[in-house]
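What follows is a single structure, written as structure tokens, with notes after it.
The values are calculated or read from the model by the stated rules, or taken from the named source; none is laboratory data. As the structure is a prediction and not an experimental result, all values here were calculated from the model. FYI the Cβ positions are ideal-geometry reconstructions off the backbone, even for glycines, and counts take in every protein chain you see.
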Amino acid sequence: MKSVSGIFYKRILGLGGIGFLMFSCLAAGCGGQASVYRSADIAMGTVVNQTVYTTGEDETGHILTLIKDLEKEELSWREADSEVGMINGIQWEDDGVLESGAPRSVEISRELYEELERLWRISEDSGGAFDFTLGRLTRLWNIDAQASGEAPVRIPDEEEIAEALEKCGFEKVSLEEGRLVLEEEVLLDLGAAGKGIACDRIGAYLRGTEVSGAVVSVGGSVVTYGKKPDGSPWQIGITDPRTGEDLLGTLSLTGEWYISTSGGYERCVESEGIWYHHILDPENGYPARSGLTSVTVVCGSGLVSDALSTACFVLGREEGEKLAARYGAETVFVDDEGNLYLSHGLKDIFTPAAK
Ligand code: AMP
Ligand code: MG
């Protein structure tokens with residue numbers, strides 16, 4: 001496929017606008033052969049990479065818009081007008097964000113209702129290791145802002161953490177006839193599942209297009225769809241948590257799959273010789289220390305793969321493997337010593353990186 005896109009660009013350069021139209025016709029519609037479109041953008045506060053093969057129009061712009069709309073209209077806790085923003089009751093003040101935190105019963109969209117039902121179930125099944133109501137706690141740590149330099153490094157003290165934890169807990173939230181009911185002070189944070197939800201939306205969108213194959217990553221969550229024109233599988237890299245850059249190996253996948261990775265290396269800060277990362281253990285309010293540096297989950301749903309990767313990271317390998325098995329999901333665990341553990345279904349499709 002590389003060669004097709006290579007020729008594509010040469011033609012554009014050589015023949016200008018008309019050449020573009022003529023060649024589009026040759027490469028796509030008339031010959032029935034797919035063109036490849038690639039893009040790299042920022043959305044949902046992370047990098048979105050797309051490779052899309054289609055005999056139809058370039059879909060990369062539509063996919064990016066879909067992700068941005070999902071963030072703006074539904075999931076973002078920073079946007080006062082998003083559904084999560086409204087549920088949290090965000091009010092913007094000159095000096096930052098203020099949440100009202102009163103008890104609330106909020107009518108929500110069917111999509112968010114269904115997603116929250118599934119997230120509630122994963123929260124319960126994981127014994128609260130995954131919890132979508134950690135808003136007070138994640139805001140207190142504010143690791144994202146610390147890691148990006150937006151906020152100074154400050155580790156909260158035990159009292160603050162205990163106070164925040166009292167205002168967290170999925171049992172404090174219920175779903176009743178199209179409404180979400182929250183106890184006082186509870187704030188949602190869908191950061192551990194949002195990128196997977198975006199991948200689900202992308203998969204659903206692609207099914208209604210002429211796209212024959214695509215791989216789209218939204219930060220640590222990836223969707224693979226269809227196949228490459230030459231029929232070879234998608235190669236999804238597993239990042240080495242020790243460097244955050246090199247690969248430990250690749251998974252070869254064909255068709256529609258959802259892959260999410262949670263890693264303690266992704267967003268972290270150092271204070272007085274101790275490293276703190278962004279995946280928090282709801283039991284004690286501190287960054288999870290379960291002997292793992294990264295967990296990758298592969299299954300048929302982006303929401304599930306994303307939520308489970310976070311849950312498994314908190315639970316540790318033994319409990320995490322059991323939880324993933326209940327959802328029919330495959331896993332790659334990497335522990336503090338750099339050992340890699342593949343679930344049965346991935347053993348034949350994993351290729352270790354050359355040393
Ligand atoms: P991920 O990278 O998918 O594991 O998600 C991590 C993000 O989810 C963090 O930046 C927090 O916003 C939020 N989060 C942290 N710990 C948890 C947890 N135990 N359960 C649910 N969400 C969490
Ligand atoms: Mg996650």
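Kindly evaluate Glu318 against the criterion of being over 20 Å from the mean Cα position of the chain (by Cα) and either among the acidic types (Asp, Glu) or within 16 Å of ligand 2 (Cβ to nearest atom) (or both). Give the derivation first.
Values: over 20 Å from the mean Cα position of the chain (by Cα): yes; either among the acidic types (Asp, Glu) or within 16 Å of ligand 2 (Cβ to nearest atom) (or both): yes.
Here the answer is yes, as Glu318 does meet what is asked.
Run Leu190 past the list (1) more than 13 Å from ligand 2 (Cβ to nearest atom); (2) crowded, with 20+ Cβ neighbours inside 10 Å; (3) not aromatic (Phe, Trp, Tyr) and report the number of the one that doesn't hold.
(1)
Determine which member of the set Thr209, Thr138 is more than 14 Å from ligand 1 (Cβ to nearest atom) and among the polar types (S, T, N, Q). Even if it seems obvious, please write down each step before you answer.
Values: Thr138 fails: more than 14 Å from ligand 1 (Cβ to nearest atom).
Selected residue: Thr209, the only one of Thr209, Thr138 that is more than 14 Å from ligand 1 (Cβ to nearest atom) and among the polar types (S, T, N, Q).
Test Glu256 against the criterion of being more than 16 Å from ligand 1 (Cβ to nearest atom), surrounded by fewer than 22 Cβ atoms within 10 Å (Cβ to Cβ) and without any contact (Cβ under 8 Å) to a residue 24 or more places away in the chain, and give yes or no.
Details: more than 16 Å from ligand 1 (Cβ to nearest atom): yes; surrounded by fewer than 22 Cβ atoms within 10 Å (Cβ to Cβ): yes; without any contact (Cβ under 8 Å) to a residue 24 or more places away in the chain: no.
No: the conditions fail for Glu256.
Which members of segment 120-174 meet the condition of being closer than 18 Å to Gly89 by Cα and of a type in the set (Gly, Ala, Ser)?
Kept after step one, since they are closer than 18 Å to Gly89 by Cα, are these residues of segment 120-174: 132-140, 164, 167-170, 172-174.
Listed by number, the residues that qualify are Gly135, Ala164, Gly169, Ser174.
Do we find a residue being among the aromatic types (Phe, Trp, Tyr) and under 20 Å from Asp200 (Cβ atoms) anywhere in segment 324-336? Working first, answer last.
To start, the set of residues in segment 324-336 that are among the aromatic types (Phe, Trp, Tyr) comprises 327, 333.
Okay, now just the ones that are also under 20 Å from Asp200 (Cβ atoms), so 327.
So far as segment 324-336 goes, yes, one or more of its residues are among the aromatic types (Phe, Trp, Tyr) and under 20 Å from Asp200 (Cβ atoms).
For Val215, work out the one condition from (1) within 16 Å of the chain's Cα centre (by Cα); (2) within 12 Å of ligand 1 (Cβ to nearest atom) it doesn't fulfil.
(2) is the only condition that Val215 fails.
Just to verify a result, which residue in segment 218-234, among those that are crowded, with 23+ Cβ neighbours inside 10 Å and out of contact with any Ser or Thr (no Cβ under 7 Å at 6 or more places or on another chain), is farthest from Asp58 (Cα to Cα)?
Within segment 218-234, the match that is farthest from Asp58 (Cα to Cα) is Val222.
Kindly indicate whether any position in segment 299-312 is near ligand 1 (Cβ under 10 Å from one of its atoms), over 25 Å from Glu115 (Cβ atoms) and either touching a residue at least 24 places away in the same chain (Cβ under 8 Å) or surrounded by fewer than 24 Cβ atoms within 10 Å (Cβ to Cβ) (or both).
For segment 299-312, residues near ligand 1 (Cβ under 10 Å from one of its atoms), over 25 Å from Glu115 (Cβ atoms) and either touching a residue at least 24 places away in the same chain (Cβ under 8 Å) or surrounded by fewer than 24 Cβ atoms within 10 Å (Cβ to Cβ) (or both): absent.
Given the criteria at pLDDT 95 or above, more than 16 Å from ligand 2 (Cβ to nearest atom) and surrounded by 15 or more Cβ atoms within 10 Å (Cβ to Cβ), does Val173 qualify?
Working: at pLDDT 95 or above: yes; more than 16 Å from ligand 2 (Cβ to nearest atom): yes; surrounded by 15 or more Cβ atoms within 10 Å (Cβ to Cβ): yes.
It is true that Val173 is at pLDDT 95 or above, more than 16 Å from ligand 2 (Cβ to nearest atom) and surrounded by 15 or more Cβ atoms within 10 Å (Cβ to Cβ).
Does Thr296 fit the bill of being over 16 Å from Gly128 (Cβ atoms), outside any helix (DSSP H, G or I), within 12 Å of ligand 2 (Cβ to nearest atom) and in contact with a strand residue (DSSP E or B) (Cβ under 7 Å, 6 or more places away or on another chain)? Full working, then the answer.
On the way: over 16 Å from Gly128 (Cβ atoms): yes; outside any helix (DSSP H, G or I): yes; within 12 Å of ligand 2 (Cβ to nearest atom): yes; in contact with a strand residue (DSSP E or B) (Cβ under 7 Å, 6 or more places away or on another chain): yes.
Yes: the conditions hold for Thr296.
Here are some conditions: (1) among the small types (Gly, Ala, Ser); (2) within 18 Å of the chain's Cα centre (by Cα); (3) part of a helix (DSSP H, G or I). Ala164 meets all but one. Which one does it not meet?
(2)
Would you check if there is a residue in segment 118-127 being modelled with pLDDT of 95 or more, of a type in the set (Ser, Thr, Tyr), in contact with an Asp or Glu (Cβ under 8 Å, 6 or more places away or on another chain) and part of a loop (DSSP other than H, G, I, E, B)?
Start the filter on segment 118-127 by keeping residues that are modelled with pLDDT of 95 or more, which leaves 118-127.
Then keep just the ones that are of a type in the set (Ser, Thr, Tyr); that gives 123, 126.
Still in the running and in contact with an Asp or Glu (Cβ under 8 Å, 6 or more places away or on another chain): 123.
Still in the running and part of a loop (DSSP other than H, G, I, E, B): none.
Scanning segment 118-127, I find no residue that is modelled with pLDDT of 95 or more, of a type in the set (Ser, Thr, Tyr), in contact with an Asp or Glu (Cβ under 8 Å, 6 or more places away or on another chain) and part of a loop (DSSP other than H, G, I, E, B), so the answer is no.
Just give me the residues in segment 235-248 being in a loop (DSSP other than H, G, I, E, B) and surrounded by fewer than 19 Cβ atoms within 10 Å (Cβ to Cβ), in sequence order. Before the answer, list the steps.
At the first step, the residues of segment 235-248 found to be in a loop (DSSP other than H, G, I, E, B) are 240-246.
Listed by number, the residues that qualify are Arg242, Thr243, Gly244, Glu245, Asp246.
Could you check segment 156-187 and list, in sequence order, the residues that are of a type outside the set (Val, Ile, Thr) and closer than 18 Å to Gly127 by Cα? Please lay out each step first, then the result.
Within segment 156-187, the first condition is being of a type outside the set (Val, Ile, Thr), and the residues that meet it are 156-160, 162-172, 174-180, 182-185, 187.
Passing the criteria: Leu165, Glu166, Lys167, Cys168, Gly169, Phe170, Glu171, Lys172, Ser174.
Take the residues in segment 322-355 that are outside any loop (DSSP other than H, G, I, E, B), under 20 Å from the mean Cα position of the chain (by Cα) and not hydrophobic (A, V, I, L, M, F, W, C), then tell me which one is surrounded by the most Cβ atoms within 10 Å (Cβ to Cβ).
Thr331
Sort out which residues of segment 259-291 are surrounded by fewer than 21 Cβ atoms within 10 Å (Cβ to Cβ) and either within 12 Å of ligand 2 (Cβ to nearest atom) or within 18 Å of the chain's Cα centre (by Cα) (or both), and write them in order of number.
Listed by number, the residues that qualify are Tyr265, Glu266, Arg267, Cys268.
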